[in-house]
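To keep things clear, I will list the structure first and then write my remarks on it.
The values are calculated or read from the model by the stated rules, or taken from the named source; none is laboratory data. Here the structure is a predicted model, which is why all the values come from computation and not from measurement. For neighbour counting, all protein chains shown are included, and Cβ atoms are generated from backbone atoms with ideal geometry for every residue, glycine included. Only protein heavy atoms, including side chains, enter the accessible area calculation; ligands, DNA and RNA are left aside. Shrake-Rupley method; radii C 1.70, N 1.55, O 1.52, S 1.80 Å.
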Amino acid sequence: VLHFRDITHEQEVDRLKSEFLSTAAHELRTPMASIYGYIELMLHKEFPAEQRHEFMSTIARQAELMASIINELLDLARIEARRGKDFVLERLYVSDIVQEAVTSYKPPSGRPSPTLEIPARSGSVLVDRKKIHQVLINILSNAYKYSPAGGSVQLRLRHQQGADHTPWIGIEIQDHGIGMSNEQLHRVFER
């Protein structure tokens, strides 16, 4: 008896998992190197109290970053394992979602809040409030991080009709960074 099975999908999943683990390890290595470096310095040399405090503040920030990365990895694993069953969907106005995210986001010191081009009431969507909030905060953070010399950040809503005439609504966040290459744009929704 011969049994053949197409394992293309399984091989692709394995490849994606390996790529994901490599990316996760790289993301965790950066803050870990900073933490380790500052601790090594403090163990082998005496520093004035002000400088020690500065080192400890950096260590604390990097530890927070690591915890954030680990939480995101755990969220992703949980979502994947439950296949979306942990989403708490509710119908919300997109303008309210954007306003909530912008209000809770604290721009880097000396930088103005993002400018908004959104109507008072926009279309409503079925979303998980916490997850869309996290997405918007992450994108806002990146927009500020990659805008050189304090460039402005703008948010606006975009409306259009889909091919089947269904209405689409999008949130556009614009910064003044270097942007992405065409290859990066093609992969933007990959893990």
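Ordering of 40-48, 153-161 by packing is 153-161, 40-48, highest average first (other Cβ atoms within 10 Å, averaged per residue). In the full protein context, the range 54-191 carries 70 Å² of accessible surface per residue, based on a 1.4 Å probe and ignoring ligands, DNA and RNA. Projecting the Cα atoms of GLY177, ILE139, VAL127 onto the dipole axis of the range 116-191, where Lys and Arg carry +1 and Asp and Glu carry -1 at the beta carbon, places VAL127 farthest toward the positive end.
Lysine pairs in the range 1-159 whose alpha-carbon atoms fall under 27 angstrom of each other, counting only those eight or more residues apart or on distinct chains, come to 10. Rolling a 1.4 Å probe over the protein heavy atoms of the range 43-191, with every protein chain left in place, gives an accessible area that is 56 percent carbon and sulfur. Length gained on full extension, GLU90 to SER57, computed as 0.36 nm times the residue gap minus the Cα-Cα distance: 8.0 nm.
Taking 0.36 nm per residue of sequence separation and removing the Cα-Cα distance, the ASP164/ASN138 pair yields an extension gain of 6.2 nm.
Here the chain is treated as an ellipsoid with the same Cα gyration tensor; its semi-axes, largest first and in whole Å, are 34, 29, 16.
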